[in-house]
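Structure first, then comments.
The values are calculated or read from the model by the stated rules, or taken from the named source; none is laboratory data. Everything numeric here is computed off the predicted structure, so don't read it as measured data. Reconstructed Cβ throughout: ideal geometry from the backbone, glycine too, with neighbour counts over all protein chains shown.
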């Protein structure tokens with residue numbers, strides 16, 4: 001299975017925005033990207049030598065990512081000051097992008113491990 005860079009570029013462009021999005025839209029973006037990560041990970045199941053423990057850990061991390069960032073979006077209490085809100089959501093986007101890239105790298109290494117065996 002060849003993982004394309006399209007997914008990671010799309011993830012960056014979807015979450016990296018210069019405008020303030022609504023919470024609902026941010027949550028939808030997080031859900032969408034986590035679903036895409038899950039779909040990318042399904043290709044691992046087609047390979048019989050997959051390490052089930054690592055795969056399960058990867059799926060748990062994707063679920064954690066979805067839950068954690070939806071929670072962080074929902075619990076933000078920076079409405080009063082727009083400058084603080086922009087800083088908060090900018091940091092949230094950076095954290096999310098970093099996590100997505102880490103999970104994607106783990107997924108890619110899991111697939112590379114499989115093809116080397």
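What do you reckon, is residue 90 part of a helix (DSSP H, G or I) and over 18 Å from residue 33 (Cα atoms)?
When the stated conditions are applied, residue 90 does not pass them.
Failed condition for residue 31, given (1) modelled with pLDDT under 85; (2) surrounded by 13 or more Cβ atoms within 10 Å (Cβ to Cβ); (3) out of contact with any helix residue (DSSP H, G or I) (no Cβ under 6 Å at 6 or more places or on another chain), with all others met?
The one condition residue 31 does not meet is (1).
Restricting to region 39-84, and then to whatever is part of a loop (DSSP other than H, G, I, E, B) and under 17 Å from residue 95 (Cβ atoms), can you tell me which residue is modelled with the lowest pLDDT?
78
What's the number of the only condition in (1) part of a helix (DSSP H, G or I); (2) under 16 Å from residue 103 (Cα atoms); (3) modelled with pLDDT under 55 that residue 4 fails to meet?
So the condition that residue 4 fails would be (1).
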